[in-house]
Amino acid sequence: MNETNSKFSEVAKSYVHVLLFECQDCGCPVPSALTSEHRNVEDADTRALRLNCSCGWSGQLSGTDARRHWVEQWHSDEPSATSGVQPRTGTEGKPGT
């Protein structure tokens, strides 16, 4: 098994935690996501996350500082809602592509 497949199989049986923070300078939303073997929010709440806002602010906050926190189970072996969708390259519609 190559390194990419190994990492993918680790994520296959995990949870995705999506956290939404507020920028400490401008107040805009700053999202962050991480994977965990645990569904409980306490696992993510104890982590220190490095955040960057488009206004230039950057800092480190803990998961408990998030304004919102969502958890989704991640199944890589199930068909995705985006199956068959190709990523955009920015060359669509240009001659010779």
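The values are calculated or read from the model by the stated rules, or taken from the named source; none is laboratory data. Fair warning: this is a prediction, and the values are worked out from it, not measured in the lab. Glycine also receives a Cβ, built like all others from the backbone with ideal geometry; neighbour counts cover every protein chain displayed.
Out of curiosity, is Glu72 under 15 Å from Tyr15 (Cα atoms) and touching a residue at least 12 places away in the same chain (Cβ under 8 Å)? When the stated conditions are applied, Glu72 passes them. Can we say Val30 is at pLDDT 95 or above, of a type in the set (A, V, I, L, M) and within 15 Å of the chain's Cα centre (by Cα)? Spelling it out, Val30 is indeed at pLDDT 95 or above, of a type in the set (A, V, I, L, M) and within 15 Å of the chain's Cα centre (by Cα). Of all the residues in segment 57-73, those that are more than 16 Å from the chain's Cα centre (by Cα) and assigned to a helix (DSSP H, G or I) number 2.
The set of residues from segment 14-38 being among the β-branched types (Val, Ile, Thr) and out of contact with any His (no Cβ under 8 Å at 6 or more places or on another chain) comprises Val16, Val30.
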